[in-house]
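What follows is one structure encoded as structure tokens, with my remarks underneath.
The values are calculated or read from the model by the stated rules, or taken from the named source; none is laboratory data. A quick note: this is a predicted structure, and the numbers were derived from the prediction, not measured. Because the Cβ atoms are built from the backbone with ideal geometry, glycine has one as well, and the counts that use them run over all protein chains shown.
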């Protein structure tokens, strides 16, 4: 995906955006505040910043080494060797390596928590910004304040998904939607391309990716499964459409931040200027994304390990659904 999008982004930047901007006539300097000084500690005390980065690197290596030890050491707790064995000790022939790695996958949340916590503590301790445990707790509490809106959204979305599943409206809509799409005779790759366009259009009105997916997933995933498209394929098509128009919708949470950064160099740079500059990126990424999804599913290339693009609904599972 990156190998395809990078040349497109380079082409749009070099051939479309830069000629519009014209010659640089001067302005603010990167990293400078109103007094002409930089808040970056590397400008004032390079030795402290270098020492902090070294300490953070050592902390990161320590966490990685700990997880490697718990993964590959004898009798490791992160590999379930009994998962692929029967009660008599015989090996299961169709067992996947991912089954044995189940404990490792479940431990990744704790691993990333320790990674970010210890590297941040090590950097702050080395640079002097963290002197005791109270400073660390205060910084963590300050960071969690930014997560408040997401926690409220996740709470409401979880209730919506639960009630939606309880009502069976998603299943009913999925069955009727699958029947309607099947009656049109559209090829499945083209259906995925239309889903990309639908996700891109909806993204202009609902900025939160998690809220959109909570709204669409209970309907789109089972509907596309009935048509022979795997849940991974539905997710991939949704993500392509969602990412293409993020850069032109003011509802994106980072849109104001980008605008503030741009105004450091050009004071009269407004909402319309930013949107107009990003529209070529959005159009080209959307066109290339639709072509990519259609070609990918037409060729049947797997999306990853144990992640095929197609899905075969078992007869036992299809029976109750078909009768509703």
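Checked against (1) at pLDDT below 80; (2) assigned to a helix (DSSP H, G or I); (3) surrounded by fewer than 18 Cβ atoms within 10 Å (Cβ to Cβ), residue 217 passes all but a single condition, namely (1). Scanning segment 238-260 for residues that are over 18 Å from the mean Cα position of the chain (by Cα) and surrounded by fewer than 13 Cβ atoms within 10 Å (Cβ to Cβ) yields 250, 256, 257, 260. Looking at (1) in a helix (DSSP H, G or I); (2) modelled with pLDDT of 85 or more, which one does residue 129 not meet, given that it meets all the others? That leaves (1) as the condition not met. Residue 149 fulfils the conditions (1) modelled with pLDDT of 75 or more; (2) within 27 Å of the chain's Cα centre (by Cα); (3) over 30 Å from residue 55 (Cα atoms) except for a single criterion, (1).
Evaluated against (1) in contact with a helix residue (DSSP H, G or I) (Cβ under 6 Å, 6 or more places away or on another chain); (2) modelled with pLDDT under 80, residue 200 falls short on exactly one condition, (2).
Output the residue which, of all residues in segment 291-311 that are part of a loop (DSSP other than H, G, I, E, B) and touching a strand residue (DSSP E or B) at 6+ places or on another chain (Cβ under 9 Å), is farthest from residue 225 (Cα to Cα).
To start, the set of residues in segment 291-311 that are part of a loop (DSSP other than H, G, I, E, B) comprises 300-303, 305-306, 308-309, 311.
Okay, now just the ones that are also touching a strand residue (DSSP E or B) at 6+ places or on another chain (Cβ under 9 Å), so 300, 309, 311.
Working: 300: 15, 309: 10, 311: 6 Å.
Looking at the filtered set, the residue picked out is 300.
What's the total number of residues in segment 298-309 that are surrounded by 13 or more Cβ atoms within 10 Å (Cβ to Cβ) and more than 21 Å from the chain's Cα centre (by Cα)? Give the steps one after another, and end with the answer.
To start, the set of residues in segment 298-309 that are surrounded by 13 or more Cβ atoms within 10 Å (Cβ to Cβ) comprises 298, 302-303, 307-309.
Going one step further and asking which of them are more than 21 Å from the chain's Cα centre (by Cα), we end up with 298.
Count: 1.
Surrounded by 14 or more Cβ atoms within 10 Å (Cβ to Cβ) and either in contact (Cβ under 8 Å) with a residue 12 or more places away in the chain or not in a helix (DSSP H, G or I) (or both): does that describe residue 265? Explain how you work it out, then say what you get.
On the way: surrounded by 14 or more Cβ atoms within 10 Å (Cβ to Cβ): no; either in contact (Cβ under 8 Å) with a residue 12 or more places away in the chain or not in a helix (DSSP H, G or I) (or both): yes.
In short, no.
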